[in-house]
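Have a look at the structure below, then the notes.
Please treat every number below as a calculation from the coordinates, not as lab data. This is a predicted model, so every value here is computed, not measured. Positions of Cβ are generated from backbone atoms using ideal geometry, with glycine treated the same way; all protein chains shown enter the neighbour counts.
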There are 2 protein chains.
Amino acid sequence: MNKGLLVVVSAPSGCGKDTVVSKILDIMKEDAFLSVSMTTRQMRPGETDGVNYHFISAEEFNRNILEGEMLEYAQYGDNFYGTPISPVKKNLEEGKTVFLIIEVEGGGNVKKIFPEAKKIFIIPPSLEVLESRLRGRATDSDEAIRARLRIAETELQRAYEYDYIVENDVLDNAVSDVMSIIRAEQLRINNMQNKLREVINNA
Amino acid sequence: MNKGLLVVVSAPSGCGKDTVVSKILDIMKEDAFLSVSMTTRQMRPGETDGVNYHFISAEEFNRNILEGEMLEYAQYGDNFYGTPISPVKKNLEEGKTVFLIIEVEGGGNVKKIFPEAKKIFIIPPSLEVLESRLRGRATDSDEAIRARLRIAETELQRAYEYDYIVENDVLDNAVSDVMSIIRAEQLRINNMQNKLREVINNA
């Protein structure tokens, strides 16, 4: 069996990365696995341990770092967020497509440990559209929205470090584009060697 | 506008490369262009000049080679077959996906002139299936079929030089796989720089 494909998905806030990946998980079902991050922050009402995050103590988080179990991690405010390596490795070994939804900052480290990972950056059709989407959420103050937009502008500059760019204008098109990327990667010669050998050797 | 994508498609005889490409041309319509080869062989009943081949004289063929107008060419028996460069360049400039259906032998040269070309090798599910397809055509003698199968075995070894492998088991799946490859290539960062700049600069 072929090893699975590791897919890193990043995007500025409000570009719909969680929705796109969740739609793809619905399509791929048991062929896909979404990595669940570890965090030291408090669980919020409605969240489930092991689903939204693995909620762990700062001590446990540190131990994971020291044991080389963190693929990448970052600090936001007083809280730490990180991606444990073991479930990623296990699911790749089982041939699954493993998704990591990672902040633009953290995405750079993944290729040091998994050089074969493919990185997808989701962009909005324009910053105007992104702004109106953020305002549509109506959860943030005007000031918070302007801060998010400034961060988005900075993060978009990092898109050049990614392998693929997917525009999320119409959600279904963005989902279909990511599915095309995954299928194309599966068809690359390095992932098709087993199949090729099978055809040649059964001669 | 982005330059178009150049796609080389090769396969052993009987693997359905012409059918797959023809289905894709139907889907992509004016976004795609199939390169028509030049040949020095006689036109056969039912063939149309400029559709099946550009039928030209040996002198004209030689002149094209000398003028650097042949992307690749090969001799089969007494006849020459080759791919003219100009229509490929013109259609790439217009942003079209340009398909070259090329013998396994000739595929290697294309990347010297177009390093960004992507090469797809179509394989049969197995050599048994290929054999039964060749027999199903009922156009060849038993000896000719065995010769084709031996050539197919040799050609399959060259599949390792290609970027992508597509298995043609169910035709629609093979067509969908090639479409995924084309879409994924369009989404690569080097082909998305214009779009990315547009979003960043309209800030």
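For all pairs of alpha-carbon atoms in chain B, what percent lies in each bin of width 10 Å, listed from the first bin to the last filled one?
8, 31, 36, 19, 5, 1, 0
Would you kindly derive the ³J(HN,Hα) couplings of the stretch A:117-125 from the backbone phi angles with the Karplus curve 6.51 cos²θ - 1.76 cosθ + 1.60 (θ = phi - 60°), listing them in order in whole Hz, with x for Gly and Pro?
My calculation for the stretch A:117-125 gives 5, 10, 10, 10, 10, 9, 10, x, x Hz in order.
What's the center-to-center distance, using Cα atoms, between the stretch B:94-149 and the stretch A:1-68 in Å?
If we compute the Cα centre of each part, the gap is 43 Å.
Just checking the output field for A:158-165: average partner chain Cβ neighbours within 10 Å of each residue's Cβ?
Other-chain Cβ atoms within 10 Å of each residue's Cβ, averaged: 5.
Using every alpha carbon pair in the stretch B:144-203, what percent of pairs falls into each 5 Å bin from 0 up to the bin containing the largest distance?
In whole percents, the pair-distance histogram is 4, 14, 13, 14, 16, 11, 9, 7, 5, 3, 2, 2, 1.
Hey, got the average number of other protein chain Cβ atoms within 10 angstrom for residues in A:172-182?
Taking the mean over all residues of the peptide, I get 3.
Run the label-point distances for A:Glu59 please: 7 Å along Cα to Cβ, every other copy, nanometres, shortest first.
9.3
Between B:Ser37 and residues 5 or more places away or on another chain, which pairs have amide H atoms under 5 Å apart, with H built 1.01 Å from N, and which residues are they?
Distant-sequence amide H within range of B:Ser37: B:His54.
Would you mind getting me the FRET efficiency between A:Lys89 and B:Glu94? Use the beta-carbon distance for r and R0 = 51 Å, nearest 0.05.
According to the calculation, E is roughly 0.65.
For the stretch A:58-142, taking Cα atoms only, what is the radius of gyration to one decimal and the Dmax to the nearest whole Å?
16.5, 46
Count neighbours as other Cβ atoms within 10 Å of each site's Cβ, and list the GluC sites (Glu not before Pro) in the stretch A:104-190 that are DSSP loop with at most 15 such neighbours.
Passing sites in the stretch A:104-190 are A:Glu105, A:Glu116.
Using the alpha carbon gyration tensor of the stretch B:1-81, what are the three equivalent-ellipsoid semi-axes (square root of 5 times each eigenvalue), largest first, in whole Å?
With the √(5λ) rule applied to the stretch B:1-81, the semi-axes are 24, 17, 13 Å.
Pick from B:Ser141, B:Ser37, B:Ser180 the residue whose mean-square fluctuation is largest in a GNM of chain B, springs joining Cα atoms under 10 Å.
Answer for the Gaussian network model of chain B: B:Ser141.
How much length is gained on full extension from A:Glu67 to A:Ile151, taking 0.36 nm per residue of separation minus their Cα-Cα distance?
Net length gain for the segment: 27.0 nm.
Taking 51 Å as R0, compute the FRET efficiency from the Cβ-Cβ separation of B:Asp18 and A:Arg135 and round it to 0.05.
So, using R0 = 51 Å, E works out to roughly 0.45.
What ranking do A:9-20, A:71-82, B:47-58 get when scored by the average of other Cβ atoms within 10 Å per residue, highest first?
A:9-20, A:71-82, B:47-58
Can you give the extra length, in nm with one decimal, that the chain gains between A:Asn173 and A:Met43 once fully stretched, where that is 0.36 nm per residue apart less the Cα-Cα distance?
Between A:Asn173 and A:Met43, full extension yields an extra 43.4 nm.
Given Cα positions, please report Rg to Rh for the protein assembly as shown, the hydrodynamic radius being the Kirkwood one.
Radius of gyration relative to Kirkwood radius: 1.05.
Can you give me the distance in nm between label points at B:Glu198 and B:Val36, each placed 7 Å from the Cα along the Cα-to-Cβ direction?
3.3
Let me confirm one metric for peptide A:186-194, namely the mean number of other chain beta-carbon atoms within 10 Å of its residues' beta-carbons.
Mean inter-chain Cβ contacts per residue within 10 Å come to 5.
Around A:Asn2, what is the net charge, scoring Lys/Arg as +1 and Asp/Glu as -1 over all other residues with Cβ under 13 Å from its Cβ?
Net local charge, A:Asn2 excluded: -1.
Using only helices, what value at 222 nm comes out for chain B when you add -39,500 (n - 2.57) per DSSP H run of length 4 or more and divide by the total residues, to the nearest 500 deg cm²/dmol?
The helix-only estimate for chain B comes to -13500 deg cm²/dmol at 222 nm.
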